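For reference, the structure discussed in these notes is given below.
The values are calculated or read from the model by the stated rules, or taken from the named source; none is laboratory data. Keep in mind it's a predicted model, so treat the numbers as computed, not measured. Neighbour counts are summed over all protein chains in view; Cβ atoms, including those assigned to glycine, are modelled from backbone coordinates with ideal geometry.
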Amino acid sequence: MKSIKGEMMSQQVNRKVILKSHPQGALKESDFEIVDDEIGEVTAGSVLVRVDVLSIDAFIRTTLDGGGFHTSAQLGGVIPALGVGTVVESADPGFAVGDTVTGPFCSQSYALLPSVMLRKLDTSIAPATAFLGALGMATGLTSYTGIVYVGKAKPGDTVVVSGAAGAVGSIAGQVARLAGASTVIGIAGGKHKVDFLVNELGYTAAIDYRNENVEKRLAELAPNGVNLFFDNVGGEVLDAVLMNIAEEARVVLCGAVSQYENMADVRGPKNYLKIPERNASMLGFTIFHYAHKHAEAEAQMGKWLKSGELKVREQIEEGIENFPATVRMLLDGGHYGKLMLRVH
Ligand SMILES: NC(=O)c1ccc[n+]([C@@H]2O[C@H](COP(=O)([O-])OP(=O)(O)OC[C@H]3O[C@@H](n4cnc5c(N)ncnc54)[C@H](OP(=O)(O)O)[C@@H]3O)[C@@H](O)[C@H]2O)c1
C-alpha cells in the first residue's frame, strides 16, 4: 500500500491558481491563471499539507483589489483561502503524516507552511469540512459571534438576516432561533432560496429581494419592527431594513457583499438617520477581534450540530481549476449554504 508521502513524492506538482490582473468591476475568470509549480523543501518547523478542500468565502473577493479590505493577493501570487487538508511531510514533532489540519492554504493543491499556522483537527467531533462550515471561523463562528456577542440576541426578538441562504447567513438565523428569537426572517435571492430557508432551515419567513419590495414586505412580516438585523449584504437591502427597525434595535454589520465588486465607490446607507430616531445602534465586527471567544462559540456550535438542532447545507464543487468559477458562483449566489471546493 502506498503511503500518503509516497503518493505525494510521485506527484511533484503544486497546481496553483494565481491572480493575473486586478478585477476591473465584476470579477472575471480571466483575472486568474492556472500554473503548475514545484513543491518546495520541507525545512525545520514547516509542514507540507495536501489540500483536500478549500473554503470559498466572500472575503476572497475583497483580497483581489490592490489595497484589499483584510489582506491583498499579489499579482502572480496565490489567492488567500482557508482549507482543510492532510499532512504529507512534517518537520515539526507536533504534526504527523496523516494528521488532518486546517489553515490558510490559499488557492493551490499543496501548501507548505510554518507549523504555527496550522491547527490539528479532531474529526471524531465532526467531519473535516464542518471545520470550514458550521465550526469554521469565517462561517459558523462568525454567525454565532454576530448574533450572540455583538447583536446580543434576546428571547422574543424579531431577527432579520440578509444573505440568509449563504454560508454565514444560513447559520446566523438558526443561531438566533436557538438563542430564543420568536421570529426569524431571511432575505435572499430567488423563490428557491425562500423555500430553502423556511422549509429546510426553519426560518419563520423569507423575502426574495430580487422579486419583492423588501421594505414593504418586511413591514407586513414584522409589524412591531425588527429588534436585531444581521447584515451580510449592505446597500439597498440595508436601507430597506433600516426603515423597519424597532426602538432600541441592534443593527450588526457583518459584511456588505453587494459592495465588494466596487470597493472604490462603496455606497453607505441613506436611511441611517433611523438609528438616532429609534434610539438604535449600528455595530460592525470582525471575527479576528473575538479570538478570545472562539473556543466557547465552537463548543456551543458543536453541541447544536451534534444534537441536530443546527441544520447545515454544504455545497462542494470539484477541482482546483474551478477555483475562479466557484468564487464567481459565490458572488452570483449560485449556491446553498456553505460553498467549498474539493481539491483532492
Ligand atoms: N465580519 C466578519 O468577520 C466576517 C467573517 C466572514 C464573513 N463575513 C461576511 O459574511 C457575508 C457572507 O459571506 P459568506 O462567505 O458566507 O458568503 P455567502 O453568503 O455564502 O455568499 C454570498 C451571498 O451573497 C449574496 N449576494 C451577492 N451579491 C448580492 C447583492 N448585490 N445583494 C444581495 N445579496 C447578494 C448571494 O446570495 P443571493 O442568491 O441571496 O443573492 C450569495 O449567496 C459577507 O458579507 C462576508 O464578508 C464577515
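Here's the yes/no breakdown for (1) away from the ligand (no atom under 16 Å from the Cβ); (2) of a type in the set (Phe, Trp, Tyr); (3) touching a Leu at 6+ places or on another chain (Cβ under 8 Å):
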{"residue": "Gly76", "(1), (2), (3)": "yes, no, yes"}
{"residue": "Ile79", "(1), (2), (3)": "no, no, yes"}
{"residue": "Ala96", "(1), (2), (3)": "yes, no, no"}
{"residue": "Asp122", "(1), (2), (3)": "yes, no, no"}
{"residue": "Pro127", "(1), (2), (3)": "yes, no, no"}
{"residue": "Ala130", "(1), (2), (3)": "no, no, yes"}
{"residue": "Gly136", "(1), (2), (3)": "no, no, yes"}
Problem set entry | Hits in region 95-125 (condition: over 22 Å from Arg15 (Cα atoms), of a type in the set (Gly, Ala, Ser) and modelled with pLDDT of 95 or more) | Ala96
Exercise. Among the residues of region 159-178, which ones are β-branched (Val, Ile, Thr) and either in contact with a strand residue (DSSP E or B) (Cβ under 7 Å, 6 or more places away or on another chain) or near the ligand (Cβ under 9 Å from one of its atoms) (or both)?
Worked result: Val159, Val160, Val161, Val168, Ile171
Problem set entry | region 251-301 - residue that is of a type in the set (D, E, K, R) and in contact (Cβ under 8 Å) with a residue 60 or more places away in the chain and, of those, nearest to the ligand (Cβ to nearest atom) | Glu261
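Quick one: in region 302-344, of everything that is part of a loop (DSSP other than H, G, I, E, B) and β-branched (Val, Ile, Thr), which residue is surrounded by the fewest Cβ atoms within 10 Å (Cβ to Cβ)?
From region 302-344, those part of a loop (DSSP other than H, G, I, E, B) are 308-313, 319, 333-336, 343-344; that's our starting set.
Pick out the ones that are also β-branched (Val, Ile, Thr) and you get 312, 343.
Working: Val312: 22, Val343: 24.
Among residues in region 302-344 that are part of a loop (DSSP other than H, G, I, E, B) and β-branched (Val, Ile, Thr), the one surrounded by the fewest Cβ atoms within 10 Å (Cβ to Cβ) is Val312.
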Problem set entry | Candidate set from region 92-114 (those that are in a loop (DSSP other than H, G, I, E, B) and in contact with a Pro (Cβ under 9 Å, 6 or more places away or on another chain)); member that is farthest from Ile56 (Cα to Cα) | Asp92
